[in-house]
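The values are calculated or read from the model by the stated rules, or taken from the named source; none is laboratory data. Every value quoted in this text rests on a predicted model; they were computed, and no experiment measured them. Quick reminder, even Gly has a Cβ in these numbers, built from the backbone with ideal geometry, and neighbours come from all protein chains shown. In case anyone asks, the SASA skips ligands and DNA or RNA and just uses the protein heavy atoms, side chains included. Shrake-Rupley method; radii C 1.70, N 1.55, O 1.52, S 1.80 Å.
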Amino acid sequence: QAALARVAMLIAPSQFMFSQFEQRVDPAKIVFCRTGYDGDHLRAGQQRAAGEIVRFGYIGQIAPHKGVHLLVEAFKHLDTSRQAAELHIWGGLEVNPAYSQKLREASLRDRRITLHGRFPSSELPDVLATFDYAIVPSTWFENCPLSILESHAAGIPVLTSKLGGMAELVSHEQDGLLFAPGDAADIARSMQRILDDRHLADHLRQGARQRKVRSVSAEMEQLLSIYTSVLSPILQPSGKC
């Protein structure tokens with residue numbers, strides 16, 4: 001709190017963070033500034049045709065607070081008798097070996113689940129091109145997850161926890177779905193809806209393709225404006241600090 005009292009301006013990349021600090025800092029000193037991401041290169045991937053195996057994908061840290069185990073548990077309970085589906089998980093399995101081993105054991109007998117491990121950032125377009133839906137099941141108060149911005153840039157619908165900054169990035173039943181955080185059964189219900197309701201699936205994919213992601217240049221323009229507003233009152237007449 002003492003450190004916050006000395007802050008000239010606090011930049012919040014999400015409305016969630018804004019709300020968390022407005023009780024601790026003068027709201028006049030908080031500015032909402034959404035993170036920018038330049039992802040035009042992610043649109044180059046070929047759109048997967050309807051009627052194929054539905055592929056759900058996860059990209060990110062392999063750790064308990066990211067809810068990967070909940071995703072695996074949820075997927076194992078899906079009814080894929082009428083619509084085939086797969087789950088592809090991408091992330092460093094060596095960082096938390098004990099947790100990763102539990103994921104391997106949980107998915108061992110389910111050939112629909114694949115743990116891929118890491119991949120070079122240069123291959124992100126190719127990896128996202130294999131996804132029909134991205135899932136972000138974190139149980140932590142994420143701020144502005146890059147994985148959601150990447151999925152939006154690629155025109156992929158996102159299923160995510162109704163929690164923190166994640167919830168404000170996804171428009172429920174428009175370009176994705178929100179589920180109860182930490183609830184594997186609700187994650188499964190969300191995925192099952194997509195498998196069972198072709199109209200909903202098509203609607204979400206269309207909405208995701210229309211989703212716009214803020215550019216880095218737009219973010220930088222706002223940041224420069226914020227810095228200028230902070231510096232202006234203390235600038236000397238000569239224009240130097």
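Quick rundown of the values:
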| quantity | calculated |
| --- | --- |
| Environment charge at Arg34 (Cβ cut-off 15 Å; Lys +1, Arg +1, Asp -1, Glu -1) | -3 |
| Global geometry of segment 39-129, whether rounded, prolate or oblate, following the gyration tensor of its Cα atoms and the 1.5 cut on a/c | oblate |
| Burial order of peptide ranges 228-234, 185-191 (average beta-carbon count within 10 Å, highest first) | 185-191, 228-234 |
| Value at 222 nm in deg cm²/dmol, rounded to 500, when DSSP H runs of n ≥ 4 in the chain each add -39,500 (n - 2.57) | -10500 deg cm²/dmol |
| Proximal lysine pairs, the chain, alpha carbons under 27 Å, eight or more residues apart or interchain | 9 |
| For the chain: rounded, prolate or oblate by the Cα gyration tensor [a/c cutoff 1.5] | prolate |
| Within the chain, longest stretch clear of exposed GluC sites (Glu not before Pro) (DSSP loop, no more than 15 other Cβ within 10 Å) | 95-172 |
| Charge dipole of the chain about the Cα centre (unit charges at C-beta), most positive-ward option of Gly176, Val136, Ala201 | Val136 |
| Gyration tensor verdict on segment 124-202 (Cα atoms; rounded if a/c is under 1.5, prolate if a/b is larger than b/c, oblate otherwise) | oblate |
| Mean accessible surface per residue for segment 102-190, computed with a 1.4 Å probe while every protein chain stays in place, in Å² | 43 Å² |
| Sulfur and carbon atoms: percent of accessible area, the chain [1.4 Å] | 53 percent |
| Computed E for Glu52/Phe32 - FRET, C-beta separation, R0 45 angstrom, nearest 0.05 | 0.70 |
| Contour minus Cα-Cα distance for Ala106 and Glu168 (0.36 nm per residue) | 19.2 nm |
| Simple Cβ-charge dipole of segment 73-197, Lys/Arg +1 and Asp/Glu -1, about Cα centre, in debye nearest 20 | 420 debye |
| Net charge of neighbours whose Cβ lies under 13 Å from the Cβ of Pro97, counting Lys and Arg as +1 and Asp and Glu as -1 | 0 |
| Loop-resident sites, segment 120-157, for chymotrypsin sites (Phe, Trp or Tyr not before Pro), counting at most 16 other Cβ within 10 Å (DSSP) | Trp140, Phe141 |
| Label point at Leu4 placed 7 Å out along Cα→Cβ; residues across segment 128-147 whose backbone nitrogen lies under 12 Å | none |
| Per-selection metrics, segment 98-164 (Cα): Rg and Dmax in Å | 13.6, 35 |
| Sparse-neighbour loop sites [trypsin sites (Lys or Arg not before Pro); segment 75-122; at most 14 other C-beta within 10 Å; DSSP] | Arg82, Arg109, Arg111, Arg118 |
| Cα centre as origin, Lys/Arg/Asp/Glu Cβ charges: the chain dipole, Debye | 180 debye |
| Signed unit charges on C-beta, dipole axis of the chain, positive-most listed residue Asn96, Ser147, Val216 | Asn96 |
